[in-house]
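Some notes on the structure that comes next.
Nothing in this text is a laboratory measurement; each read-out follows from the coordinates by a stated rule. Computed from a predicted structure; not experimentally measured. Glycine also receives a Cβ, built like all others from the backbone with ideal geometry; neighbour counts cover every protein chain displayed.
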Amino acid sequence: MKLHEYQAKQVFAEAGIPTPGSALAESVDEVVEVAADLGYPVAVKAQVHVGGRGKAGGIKLAENETEAREAAESILGMDLKGYTVEKVLVEEAVDFTNELYVGVTMDRGEGEPVVMVSERGGVDIEAVAEEDPEAIVREHVDPAFGLHPYQARKAVFDADIPDEVALDVAGVVSTLYDLFEERDGSDVEINPLMVTADGEVVAADAVMNIDEDALFRQPELAEMEEEAAEDDLEAKANEYGFDYVRLDGNVGIIGNGAGLVMTTLDLVDYYGGEPANFLDIGGGAKAERVANALDMVFSDENVDSVVFNIFGGITRGDEVAKGINSALEQFDEIPKPVVVRLAGTNAAEGREILNDELVTVEETLEGAVQRAVEFADDRAQEVDQ
Ligand code: GDP
Ligand code: MN
């Protein structure tokens, strides 16, 4: 689970990491009010669960009230990679001379946490990681001992962090590692950690992702999660009890069983399409679950077609087929084309039952995925015109 920047900053600040003064706002007037309290210049920052907000227009600096109003008007309500911005963080703008990167994550290959430090932080860290991986210094941590202070200093030294802030940065790295460990983090990151004109360091951004399975022992963070789950679709998925992950593409995917859904995702990619989501409706694909799943995928604006990949087990293919029919019969007009592939128990009976005025039935998974990708391409083109 992901915290919003404003929540992660709260956790970081409580742990002693310097962060700029800031407050949350949900309307243009509130932005102006907060900015007046903080004093100009301010940064207005979209609070949505996507990276790269800066490049996508979700972060603007304002020198005065007119600019703050303009920034708030353009950011509040905007669509940022499929998420509508409903809250912004208004923050004292930092007068910086350099942008650093510090982070802690789990290195699954090594089976150990790894601390990362770079002198080349900022919006292009992904490019740095790809083109010049040496510029990001990595220090593995034996979780039995934690991060030794000398390791933090070594990482900072190896990363050529300027001398005047080296000890402060090492301190931030140590605190970040402690948070990672104590708060069950999966990724904890500051990018950029800004170096100010007065030689101080301050966390201008904050990322904190938590191991979901550990939330039971992190009640404070679990409460933040409820506040953070402002994505309607993710909230809906929780309500319905589905495993759901929203993705960037336009082919909606519904299946029963994680393996089956992953296979479908891979095939959509293989046939040149882009998956819009991972949605596992689990065993017992009864009519109501099928209807709920369709409701979710149809209400995702990015979806242009839907592919069902169902393996009949205890819930037989004919029951699933009836569920799909009755879910689709509720619509006067099917909003997006639906392709169904049924296999397993009573699959043939199920295919007979499916109403082919409402859905396209394909016998093979490959066939179903190809059709869904074609439908999605056609519809995307129509919408473009
Ligand atoms: P991200 O793009 O979603 O990672 O958002 P960040 O919070 O990292 O901001 C992206 C970029 O916006 C930073 O690297 C800075 O260049 C700029 N930025 C963010 N906050 C401030 C600020 O307070 N002052 C200044 N001058 N620039 C900022
Ligand atoms: Mn950032």
Percent of Cα-Cα distances greater than 25 Å, calculated over the range 280-385: 14 percent
Would you mind computing, in nm to one decimal, how far apart the modelled labels at Glu181 and Glu363 are, each placed 7 Å from Cα along Cα→Cβ? 6.0 nm
With runs of 4+ DSSP H residues as the only contributors, calculate the mean residue ellipticity of the chain at 222 nm using -39,500 (n - 2.57) per run, divided by the residue total and rounded to the nearest 500. -12500 deg cm²/dmol
At R0 = 41 Å, how high is the FRET efficiency between Leu24 and Glu349 if r is their beta carbon distance? Nearest 0.05 is fine. 0.15
Convex hull over the Cα atoms of the chain, averaged projected area in nm²? 21.7 nm²
To the nearest 0.05, what FRET efficiency results for Asp332 and Ala127 with a Förster distance of 56 Å applied to their C-beta separation? 0.70
Residues in the range 31-48, backbone N under 12 Å from the label point at Glu70 (7 Å along the Cα-to-beta-carbon vector): list them, ranges by number please. none
Inter-label distance, nm, simple model (7 Å from Cα along the C-beta direction), Asp232/Arg108: 3.2 nm
Tell me, in nm to one decimal, what length is gained between Glu63 and Ala144 on full extension, where the rule is 0.36 nm per residue of separation less the Cα-Cα distance? 24.3 nm
Select from the range 325-354 those GluC sites (Glu not before Pro) which occupy a DSSP coil region and have at most 12 other Cβ atoms within 10 Å, ordered by residue number. Glu333
Excluding residues on the same chain fewer than 8 positions from Lys336, give the lysines whose Cα lies under 20 Å from its Cα. Lys236, Lys322
Using a Gaussian network model of the chain with C-alpha springs under 10 Å, which one of Asp79, Asp300, Asp332 is most mobile by mean-square fluctuation? Asp332
What is the extension gain from Glu164 to Phe216, computed as 0.36 nm multiplied by their sequence separation minus the C-alpha to C-alpha distance, in nm to one decimal? 14.6 nm
Fully extended contour minus Cα-Cα distance, from Asn209 to Asp269, at 0.36 nm per residue: 18.9 nm
Over the chain, what is the mean sequence separation of C-alpha contacts under 8 Å (at least six apart), divided by residue count, expressed as relative contact order in percent? 12 percent
Tilt, helix 65-75 to longest principal axis of the chain (alpha-carbon atoms), in degrees rounded to tens, equals 30 degrees
For the range 220-351, treating each Cα as an identical point scatterer without solvent, what Debye log10 I(q)/I(0) comes out at q = 0.19, 0.20, 0.21 1/Å? -1.06, -1.16, -1.26
